[in-house]
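One structure is given below, encoded as structure tokens.
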Amino acid sequence: MEKILVIGANGQIGSELVEALAAQHGANNVIAADISPASLYGAAVYEIIDVLNAARITEVIEQYQVTQVYQLAALLSATGEKAPLKAWELNMDGLLNILEIARIRGEAGKPLKVFWPSSIAAFGPNTPPVNTPQYTVMDPSTIYGISKLAGERLCEYYFDKYGVDVRSIRYPGIISFKSPPGGGTTDYAIAIFHSALRGEGYSCFLEAETTLPMIYMPDAIRATITLMDADAAKLSVRSSYNVAGLSFNPRELAAAIKQNLPAFDIHYAPDSRQAIAASWPQSLDDAQARTDWGWQAQVGLQDLVTDMLKNIRVDGK
Ligand code: AKB
């Protein structure tokens, strides 16, 4: 039986991952953890963990005899640019703490399987932007992207050197309605829905034609769990897998929303996040994920828009 610890459980991915893992493994086998005093999403088991506190993480892992850890706590691209040293510390030391704990436990005969999210931010301005290959130039220009690239190298290092079973996905921008996004460059594609449903126009911080790789949350969760459940012998990538969902730009997203809400209007006021977005790929080649663990995205733009509008309405946000 698996005992699964999700660190960063109150965040955008964590909030939905805990629910999906609880459905699969039983609510009492999933320990949601975050720095805040309580679960924001009603997790059955909740522990306060600061991912920078290795002793505390070890204590919780021992207490529950944890077998898998998802380390999701991080500062994202836009927030990271406002506090680069804090972003570096949180993103790197958080991952290193988990990898070291996994190494030590592995050596003691108590292996820990680890999931850690990388991002399209690990690519940079000299990366081929269309159908970006799994292996290519990676020259990230944000502190967040630099931490993701370094993190990918650490994951592969801990797998090669110590046999730590660590798995990772380079997430595109994740679109979701449950929890608010936290300081990313792709977050316009969530905020736009909230403005549209309030009957307001949306002032977009990216230019109209800035195409980015995105993924709808149900696809992102399915990708994550499928990778974690995959046979280790089939995994050829221990840095991080390219995973494609769909690609669109603000103009295309606004047009799809307008089909449902004809009065909706968008205008463009690009800010510093435009330069970040311009340095990222437009679409990803995820052939390796398809071959190794059968990845296949399911949700396209029309379905995503319809579902977001329906669920944000339902939640009354
Ligand atoms: C961000 O925009 O910073 C994130 C990401 C692409 O990793 N959503």
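Any read-out appearing in this document is the output of simple, stated calculations on the displayed coordinates, not a laboratory observation. What you are looking at is a predicted structure, and each value in this text was computed from that prediction instead of being measured. Cβ sites come from the backbone with ideal geometry, for glycine too, and all protein chains shown count toward neighbours.
Listed values, structure above:
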quantity	calculated
The stretch 47-157 - Rg and Dmax from Cα coordinates, angstrom	15.3, 46
Sparsely packed chymotrypsin sites (Phe, Trp or Tyr not before Pro) within the stretch 135-212, loop by DSSP, other Cβ within 10 Å at most 12	Tyr135
Alpha-carbon radius of gyration plus Dmax, which is the widest Cα pair, for the stretch 266-317 in Å	16.4, 42
Relative contact order, percent, the chain [alpha-carbon distance under 8 Å, six or more residues apart]	18
For the chain, size of Cβ-based charge dipole, Lys and Arg +1, Asp and Glu -1, in debye	140
Percent antiparallel among DSSP beta bridges (both partners in the stretch 152-251, rounded to 5)	40
Which of Ser236, Ser283, Ser118 has the fewest Cβ neighbours within 10 Å, and the rest in rising order	Ser236, Ser283, Ser118
Contact order normalised by residue count of the stretch 163-317, Cα under 8 Å, 6+ apart, percent	35
Largest-first principal axis extents, alpha carbons of the chain, Å	61, 42, 38
Net dipole in debye of the stretch 39-96 [+1 Lys, Arg Cβ; -1 Asp, Glu Cβ; about Cα centre; nearest 20]	160
Average projection area in nm² (convex hull over Cα atoms of the stretch 94-182, one quarter of hull surface)	7.1
Computed [θ] at 222 nm, helices only, for the chain once each DSSP H run of length n ≥ 4 contributes -39500 (n - 2.57)	-12500 deg cm²/dmol
Relative exposure of His267, His25, judged by other C-beta atoms within 10 Å (fewest first)	His267, His25
